[in-house]
Amino acid sequence: MMDVDLVPEQNIRELIERRAQTLLALADYLAHYPATREAMTRPLLADMLSHSMQLEELLDTYGAGKSCNWCSLRSITATIKLFSDVSYELLHIRHRLPNYHLIAVERDFLAATNEALEFTGLILTQAAKEILNQARELGLRIPQKPEIAETVQERLPHGRLTRDCGARQVDTVAGTVTLLATAFLNLASECEDVRATSRTQPQDNVLRNSTALSEERLRSLEFQFHNLQSQYDTYVSGTQVEHQDTDLPVLRGHASVVFHLLRTA
């Protein structure tokens, strides 16, 4: 059956070139930055995530995944979307780490986070270089936007805002804390096989045959930890009980960091 509504190639090229301008400029900035680790900021990653999502949606609208001419651009755009998202989550964890009140573990959590960021950053940089190559092959103009260097910087002043909100009086908060703590311990126990499988080398049969790291399982755990975090924020955060018990933020911090780690999985 013949396609009767093929979009003219010149029309789609002009549209994609126009919509890809910001993403290509961001990719050009990252690809030519001398130190990937220093280039990785949340403003940069957020912009790359946003514009790669928009470009991917546009490409999918016109069926780019099944077009020999455009499928490679669509694929590398999806890669940028994935790894900018994952890298953003890791950067979020690193910036919020002092507020998580994590219990000390055998391995240095900050060092492990930086190691993961180094890995995702290298992939994202290679993807940035590849989308520039694809753009050149397709005849798309790559804009020069020197102002990007300033807009993606992340200079954060030291300190915090004044904490002057009064504590909430909630009569049922003690019971809620008990339920949340129990739910967290149950979820932590449920994650033991995930932790064990994640330490396995890819070539081992146990990893290939395991259901612990299935997409469905990980998304289910992500939802449950997010729900735990949300319930804490709704019923416990800002209450007199939280102000009096300094151990309570430890529960919230652990639920939050696990949630963000699951989002990167």
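General observations
- Qualifying residue in region 17-39 (condition: over 27 Å from Leu122 (Cβ atoms) and not in a helix (DSSP H, G or I)): no
- Residue selected from region 220-253 under the condition free of Cβ contacts under 8 Å to residues at least 12 places away in the same chain and assigned to a helix (DSSP H, G or I), by the criterion farthest from the chain's Cα centre (by Cα): Gln244
- Scope region 36-93; condition acidic (Asp, Glu) and out of contact with any His (no Cβ under 7 Å at 6 or more places or on another chain); matching residues: Glu38, Asp47, Glu56, Glu57, Asp60, Asp85
- Number of the condition not met by Thr36 [criteria: (1) buried (at least 18 other Cβ atoms within 10 Å of the Cβ); (2) at pLDDT 95 or above; (3) in contact with a Ser or Thr (Cβ under 7 Å, 6 or more places away or on another chain); (4) not acidic (Asp, Glu)]: (2)
- Any hit, region 172-190, residues being touching a strand residue (DSSP E or B) at 6+ places or on another chain (Cβ under 9 Å), crowded, with 16+ Cβ neighbours inside 10 Å and hydrophobic (A, V, I, L, M, F, W, C): yes
- Some residue of region 98-119 being under 13 Å from the mean Cα position of the chain (by Cα), of a type outside the set (A, V, I, L, M) and farther than 21 Å from Gly253 by Cβ: no
- Restricting the first member to region 62-80 and to residues that are assigned by TED's automatic domain parsing to the domain that holds Phe119 and touching a residue at least 60 places away in the same chain (Cβ under 8 Å), and the second to residues that are among the charged types (D, E, K, R) and surrounded by 15 or more Cβ atoms within 10 Å (Cβ to Cβ), no beta-carbon pair is closer than 6 Å while six or more apart or on different chains.
The values are calculated or read from the model by the stated rules, or taken from the named source; none is laboratory data. All values reported here derive from a predicted model rather than from experimental measurement. Ideal geometry is used to build each Cβ from the backbone, glycine not excepted, and the neighbour counts take in all protein chains shown.
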